[in-house]
Amino acid sequence: MKRTILYLNAESGDRIHGATLSGLRRYCVARGWDAEIVPKKGLKPKRLAALLAARHKVAGCVVENSDDEVRLPPRLFGDVPVVYLHPPPALRAGGAAFVAADNEAIARAAFRELSAGRPAAYAVIGVCPDYSWSHLRLQVFRALCESSGMTCHVFNRPGEKWPSFIGRLPSWLAALPRHCAVFAVNDFLAYYAVAAARAARISIPHDLTLLGVDNNEAICETTVPTISSIQLDHERAGFLAAKLIGEKISHRCGPETPCDGNAYTVGPLMAVRRKSTGGRGRHEKFVLEAIDMIRREACDGLTAEKLAARFECSRWLFEMRFREATGHSVLNEIQHIRLEKVFTLLAQTDTAIGAISSFCGWKTDLALQKFFRSRTGMTMRDWRRLNRK
């Protein structure tokens with residue numbers, strides 16, 4: 001019977017949770033494990049205990065948190081390793097293992113994307129209530145605006161009731177300078193900003209431009225206009241959460257030197273441009289599809305040339321659009337995914353070093369050995385000796 005990682009999530013079925021599960025499974029494949037979704041809603045302590053008792057091969061649990069409330073604290077899991085996705089500060093300070101979004105990097109990516117349009121001013125909409133992740137995104141974005149010598153208008157009133165908060169939004173948008181770039185700290189707020197702009201008879205993107213976070217397609221693709229958004233790397237978050245469980249079982253730290261040996265942060269993946277920023281898409285959707293393909297097939301001999309051939313554009317244009325969206329080349333992405341699997345096989349399995357290249361997509365063992373040394377400064381044998389017990 002395979003060991004299983006249980007993924008306790010808030011809602012199943014959307015692309016975000018699907019990407020997280022895909023990342024969990026990418027790690028599990030290398031260890032011969034499986035990953036299973038368990039709805040977190042209504043899962044009380046007694047039910048959790050029964051769930052864990054009924055499964056004798058639970059490798060660990062990954063628990064999703066999207067707000068500042070923790071309903072399933074570490075003590076409820078007993079000896080079962082648990083890793084939290086995007087937990088509140090109190091849980092992080094308590095020493096729990098976690099993977100969290102890099103909210104400062106998200107704010108920087110948002111500012112970089114909006115500033116490309118040379119706006120007359122900036123504005124930011126924070127979440128009500130004032131969650132810690134929202135507060136950090138807002139504060140960093142505001143600081144970036146001010147450091148560039150630009151005005152930043154802020155819509156945020158901690159403790160305000162939701163109906164009042166939303167009710168004020170149309171008049172606040174109407175008072176903004178024309179050609180102002182508005183950053184909503186998540187897509188949910190961006191959705192309400194579109195509705196408020198319509199109520200105030202403000203045109204997006206002609207009067208204001210708007211950018212959200214999460215690239216939740218159920219929101220971004222169904223509004224008028226469609227909403228541009230910062231895509232987070234949920235697949236990588238899932239992979240690193242599973243990796244932390246593997247490290248807990250092996251009682252060791254990982255190759256990427258996680259902060260305090262118990263956590264990772266994940267930055268934004270790319271900006272997906274839609275009509276709310278005046279963008280025409282610029283084919284970012286095919287970049288997301290390409291990234292999914294790389295993560296599924298990088299270790300099966302996929303090359304940049306083979307990947308580009310699957311899309312209706314030239315190799316040069318494909319490479320340019322990919323680099324523009326992600327900040328690195330297609331080859332870099334392929335090599336990164338292959339190297340992650342090499343680390344997993346070295347640290348978590350007894351796979352012979354000479355056989356690893358064939359499992360991870362390199363043509364020869366010598367090619368992998370040279371690449372590995374260039375990235376780590378040591379041989380694969382030395383790295384294995386230092387990073388496993």
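The values are calculated or read from the model by the stated rules, or taken from the named source; none is laboratory data. Quick caveat, the model's predicted, so the values are computed rather than measured. For neighbour counting, all protein chains shown are included, and Cβ atoms are generated from backbone atoms with ideal geometry for every residue, glycine included.
Overview of values
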| item | result |
| --- | --- |
| Arg142 being in the same structural domain as Asn186 (by TED's automatic domain parsing), basic (Lys, Arg), buried (at least 17 other Cβ atoms within 10 Å of the Cβ) and assigned to a helix (DSSP H, G or I) | yes |
| Any hit, the range 264-285, residues being in a loop (DSSP other than H, G, I, E, B), surrounded by fewer than 18 Cβ atoms within 10 Å (Cβ to Cβ), modelled with pLDDT under 90 and at negative phi | yes |
| Qualifying residue in the range 162-174 (condition: crowded, with 22+ Cβ neighbours inside 10 Å, in the same structural domain as Ile219 (by TED's automatic domain parsing) and of a type in the set (Phe, Trp, Tyr)) | no |
| Every residue from the range 299-316 that is exposed (fewer than 13 other Cβ atoms within 10 Å of the Cβ), part of a helix (DSSP H, G or I) and not aromatic (Phe, Trp, Tyr) | Asp300, Glu305, Lys306 |
| Counted residues, the range 93-115 - those being in contact with a helix residue (DSSP H, G or I) (Cβ under 8 Å, 6 or more places away or on another chain) and either outside any helix (DSSP H, G or I) or not hydrophobic (A, V, I, L, M, F, W, C) (or both) | 11 |
| Extreme residue, nearest to the chain's Cα centre (by Cα), among residues of the range 145-193 that are in a loop (DSSP other than H, G, I, E, B) and of a type in the set (Val, Ile, Thr) | Val185 |
| Residue selected from the range 74-115 under the condition within 26 Å of Asn215 (Cα to Cα) and of a type in the set (Lys, Arg), by the criterion modelled with the highest pLDDT | Arg108 |
| Hits in the range 8-37 - residues which are β-branched (Val, Ile, Thr) and at pLDDT 85 or above | Thr20, Val29, Ile37 |
| Count - residues of the range 216-231 that are modelled with pLDDT under 90 and either in a loop (DSSP other than H, G, I, E, B) or among the charged types (D, E, K, R) (or both) | 2 |
| Any hit, the range 325-338, residues being surrounded by fewer than 17 Cβ atoms within 10 Å (Cβ to Cβ), at pLDDT below 85, assigned to a helix (DSSP H, G or I) and among the aliphatic types (A, V, I, L, M) | no |
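Per-residue answers, yes or no, for (1) out of contact with any strand residue (DSSP E or B) (no Cβ under 7 Å at 6 or more places or on another chain); (2) surrounded by fewer than 18 Cβ atoms within 10 Å (Cβ to Cβ):
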{"position": "Gly149", "(1), (2)": "yes, yes"}
{"position": "Ala193", "(1), (2)": "no, no"}
{"position": "Arg198", "(1), (2)": "yes, yes"}
{"position": "Ala218", "(1), (2)": "yes, yes"}
{"position": "Gln231", "(1), (2)": "no, no"}
{"position": "Glu235", "(1), (2)": "yes, no"}
